[in-house]
Each structure stands twice: as C-alpha cells, then as structure tokens.
Amino acid sequence: MKEILFNEGQKIKDRLAELSEYIYHNPELGNQEFKAVEILTSFLEEHHFTVEREFLNIKTAFRATFDSKKEGPTIGYLCEYDALPEIGHGCGHNMIGPMSAGAGVLLSKILDEVGGRIIVYGTPAEETDGAKVILAENGVFDELDVAMMAHPASETIRSGDTIALYPLQFTYKGKTAHAAASPHEGINALNSVIQLFNGIDALRQHVTPDVRMHGIITNGGVAANIVPDEAVAQFYFRAATKETLEDVVEKVKKIAEGAALMTGATLSMERYELPYDNLVTNENLSEAFNENLRMLGITEIKEKKSAGSSDIGNVSHITPTIHPYIGISDCYITGHSRALADATITPLGHERLLVGTLALAYTGYDVLMKKVNL
C-alpha cells in the first residue's frame, strides 16, 4: 500500500510545488488568508473531498472530509498558511498547508480499500490568534483518532514539545488631577502598573526555570503634568506545562490585585489573545513518522527542546498528536527569516515538500492499519 501512496505522490508532486510557490508569492497575514484557502480547498475538492468553508464562522478556516463509509480510524491533518509581517513566509507555512492537504489526498486514494475517514482542517492565524485554540474549545478535534502536521525548518527534528502560553492584559483605572497643583486629588493608575512589574519581578525567584514572564506598558498616561487615570500592561506568561502555567497566572493575578490596593485604582484583567497549551507528543505516533522518514531517505533526525509556543499544543491535549520538523536546507537557517522563506521554494525545498507529504500519508496508513499503539 505504501508503494501505491508513493506512486500517487509522484503524480501530485508538481502540483504540491505549485501550491507552495503560489502561497509563497501571495503571503497573507492571519485571518486574511483568502487566496491560500481558495487554492487549498480547490485542490481538495478536485480530489473529491467535501469542503466546509468559513468553518465555525471563521472566514479563513475550513474542514475537508473524505469518508470511506467503512469502519476505521479518523485521521486529521492540520493546514497552516498565514504569513509574517514584512518577511512573508519566514516560518514556512506555505509548505505546511500543501503538505497536510497533500497527505490527505494521497491517503484518500486507498481509503475505500482500508476503511476509515480523513479530515483536513484549515487552521488560520497560527502566528497570532491561533484558530486551533477556537476549534479545540469547540470540541472539533474530539472526532479524531490522531492529528498530524509537519513544519519546515533548517534541519529535521522529531516531534517534541512546545511551552504553554497565557496572554493577560491588566487595565488600571484611577483619577486624573494636576500633577503639580493637586496630585493629592488624583489616583495614579501608572503607579499600579509599576507596582505590577515590581511584583512580577519579585516572583521570578520563586518560579521554576521553565517559566517566562515578559510584558510591556501599552498605555501609561497622556502628559507628564496629568496624573494618569488609565494605564495598561500586556504580558505573556509561559511554562513547560499548562498546569505549571495555571499556578503562575493565579499568583500573578493576586500581585495585580495587590498593586490596585496599594494605589486605590480599580483593576480589570482579560485574556487579550488566545492561550496556547504545551505540546504533548504521542511518542508511538512520532516514532512511526520517524520510521517513515527513514524509509524515504531521511536518516538524521535530531531531538531538540522548544522555547516557543504554538496552538498545536491545544490539539495534543485532546487527541494523539505530532508536530515534527522537516529539514529544507543544507545549512543552518534561523526561523522567521526571509532566508527560510526562500528555502521553501528551492529544489531541496520542493523535494522535502514531497517527502513530508509522503511521511504524513504513510503514518496515516499505519494508524488505519492499527500498526501504531496509541
């Protein structure tokens, strides 16, 4: 069967390269990826997938299904296609969408024989407001037996981990007054934010080494001679696990409340972006993918810790998930760079696009045939 998948891959390899190059030359920011969605969904429909556009009322999300109508596992492939400001596809998402869609198409060619179902999800805005979080919160991924995607990088790395992230905005309200003539009549909201920063800095010595806390002041007043009646700070809090992160966030909220009490300001706190859970890789699924990479000629697969966050983590807390990296360069290239974007459309980039697609399809087949202990 994998030979059939390989042969089917040869039939669509040029089309996959076209998809990748088109998305590369038409970079779109998160939640604006209309061209990418149109070309990917059209490709899936050409291969008899049933496509739901504007999935969950998200303009650039989609759900594409191929159902054998026979009993078997449900395989999920996740597409990303948002670009970065100014540098375009410096994270290589122009490859991720075609790889996942291509894997779904390849696996569909044998699905009627082996049974099961394939679902390809279009998940916009991974770089900013990751739609996978919204889909996860709405129970979408509960329908899956596995979820998979592969990410381009300068080297091939086994699926590992990402760290959990929680974004929190603190808004303090005070009372204006003339800062020289009548400061005693004012309530300084900026002082609350300053105490918030001091409190968080004091907390740093009492958290585990994996915790990161970094923030900015987005509003600190309008003029030096006016007591600020509003001040706003935005923070990212990160930790290796969502459980650790939840504990940190609760401590920070108490610090924020204390800062308001110290100054007499009032406080409101809100999640200003979507939170990302840590990625929990399913090791058996990961090893199946790695073995398929070896079968396809990639034998050097590294293992690295991640310092970043991604909405794929939220998926991994619902269903067995992998998020490996496929090397597309012969030398080191930093992520989120024009150099990485350009590497995606080189001959090696196109070659690895097909390899990643095949490895995802092969691994899907292994799951369908119950060769992976999930």
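Below are the figures for this structure:
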{"quantity": "Within region 1-111, strands (runs of 3 or more DSSP E) holding 1 or more residues that are touching a His at 6+ places or on another chain (Cβ under 8 Å)", "calculated": "62-67"}
{"quantity": "Tally, over region 123-181, of residues that are within 28 Å of His336 (Cβ to Cβ), under 18 Å from the mean Cα position of the chain (by Cα), among the small types (Gly, Ala, Ser) and open to solvent by 10 Å² or more (accessible area, probe 1.4 Å)", "calculated": "3"}
{"quantity": "Residue that is nearest to Gly349 (Cα to Cα) [pool: residues in region 295-315 that are of a type in the set (Val, Ile, Thr) and surrounded by 14 or more Cβ atoms within 10 Å (Cβ to Cβ)]", "calculated": "Ile298"}
{"quantity": "Residue count, region 77-116 (criterion: under 23 Å from Lys11 (Cβ atoms), open to solvent by 10 Å² or more (accessible area, probe 1.4 Å) and in contact with a helix residue (DSSP H, G or I) (Cβ under 7 Å, 6 or more places away or on another chain))", "calculated": "2"}
{"quantity": "Count of residues meeting criterion [of a type in the set (D, E, K, R) and more than 30 Å from Gly76 (Cβ to Cβ)] in region 261-292", "calculated": "1"}
{"quantity": "Residue check for Ala224: open to solvent by less than 40 Å² (accessible area, probe 1.4 Å) and either of a type outside the set (Val, Ile, Thr) or closer than 30 Å to Ala150 by Cβ (or both)", "calculated": "no"}
{"quantity": "Per-region count, region 113-161, residues farther than 16 Å from Gly335 by Cβ, in contact with a Lys or Arg (Cβ under 8 Å, 6 or more places away or on another chain), of a type in the set (Gly, Ala, Ser) and in a loop (DSSP other than H, G, I, E, B)", "calculated": "2"}
{"quantity": "Criterion (at pLDDT 95 or above and polar (S, T, N, Q)) met by exactly one of Thr156, Thr128", "calculated": "Thr156"}
{"quantity": "Condition met for Thr241 (β-branched (Val, Ile, Thr), open to solvent by less than 20 Å² (accessible area, probe 1.4 Å) and closer than 30 Å to Gly364 by Cα)", "calculated": "no"}
{"quantity": "Yes/no for Asn57 being open to solvent by 10 Å² or more (accessible area, probe 1.4 Å) and out of contact with any Pro (no Cβ under 6 Å at 6 or more places or on another chain)", "calculated": "yes"}
{"quantity": "Hey, Ile318 open to solvent by 10 Å² or more (accessible area, probe 1.4 Å), aliphatic (A, V, I, L, M) and modelled with pLDDT of 95 or more or not", "calculated": "yes"}
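The values are calculated or read from the model by the stated rules, or taken from the named source; none is laboratory data. Predicted model only: the values in this text are computed from it and were never measured. All Cβ positions, even for glycine, are placed from backbone atoms using ideal geometry, and neighbour counts span all protein chains on display. Just the protein is used for accessible areas: all its heavy atoms, side chains included, with ligands, DNA and RNA removed. Shrake-Rupley method; radii C 1.70, N 1.55, O 1.52, S 1.80 Å.
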